[in-house]
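What follows is one structure encoded as structure tokens, with my remarks underneath.
Each value in this text was obtained by applying a stated rule to the coordinates, not by laboratory testing. From a predicted model like this one, the values you see are computed outputs, not experimental measurements. Please note: Cβ atoms are built from the backbone with ideal geometry, for glycine as well, and neighbour counts cover all protein chains shown.
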Amino acid sequence: MLDQLSSYTIPVFHPMMVHFPIVLTVLAAICCAGWLLRDHLFWLYSSIWLAALGFIGALLSTRTGETMEEQGEGIAIIDDLVQLHEQMAERVTWVLGISLVVLVFGFWQSRQDLVRPGTALWIRILSFILLLAAAVMVSLTAHIGGLMSWGVPV
């Protein structure tokens, strides 16, 4: 029975990879909401780590998606949606990268003012808006990918 497992292979890793940036970005936005409401370092650290891992996952998903795009050429639904999916993925990666920079700046800023502990409200708000935008964008990107994989004409 186990020998049957070795007779199959997974030709592309994109379908497995894409779940990481989706989940990590949404969790980063949730943690950032916690940081916005309660200016505790736990929420900031959680947001930074989740956004960083989501960013790495988005980069890897973009790279593995290029291989899958080549294999899907000629399939009508993929030909129709692949450019939009790719553009959305690139934009999500940029927004995640920018939000990560803002989060790290927030960490740095919180360490500078020893009189008033915590991070400036405007940095927390900006971080949350960016991560919320990234979460919405990654969800839309995932929906487009789902349509390409499982969609049927109406």
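What are the membrane-span-like helices in the chain by this rule: whole DSSP H runs, Cα extent along the axis at least 30 Å, mean Kyte-Doolittle hydropathy at least 0.0? Write down the numbers at each step before the final one.
On the way: long enough: 41-71 (45 Å, 0.56); 76-112 (55 Å, 0.64); 121-150 (43 Å, 1.78).
Qualifying helices, which must be both long enough and hydrophobic enough, are 41-71, 76-112, 121-150.
Could you size up the charge dipole of the chain around its Cα centre, putting +1 on the beta carbon of Lys and Arg and -1 on that of Asp and Glu, and report it in debye to the nearest 20?
On the way: 6 positive and 11 negative charges, 198 e Å.
Charge dipole of the chain: 960 debye, to the nearest 20.
Divide by every residue of the chain the summed helix terms, -39500 (n - 2.57) for each DSSP H run of at least 4, and state the resulting mean residue ellipticity at 222 nm, rounded to the nearest 500 deg cm²/dmol.
About -28000 deg cm²/dmol.
How would you rank Thr141, Thr67, going from fewest to most other Cβ atoms within 10 Å of each one's own Cβ? Intermediate values should be presented prior to the final figure.
Working: Thr141 25, Thr67 12.
In order of increasing Cβ crowding within 10 Å: Thr67, Thr141.
At a threshold of 8 angstrom on Cα-Cα distance, excluding pairs fewer than six apart, so keeping six or more, what relative contact order does segment 1-132 reach in percent?
Numbers: 128 pairs, mean separation 40.0, N = 132.
Relative contact order comes out at 30 percent.
Once you have the Cα-Cα distance between Glu90 and Val12, take 0.36 nm times their residue separation minus that, and quote the gain in nm to one decimal. If you can, show how the numbers build up before the last one.
Numbers: separation 78, 0.36 × 78 = 28.08 nm, distance 1.93 nm.
Fully extending the segment from Glu90 to Val12 adds 26.2 nm.
Give the long-range amide H neighbours of Val12: residues separated by 5 or more places, or on another chain, with amide H under 5 Å away, using H modelled in the peptide plane at 1.01 Å from N.
Answer set, sorted by chain and number: none.
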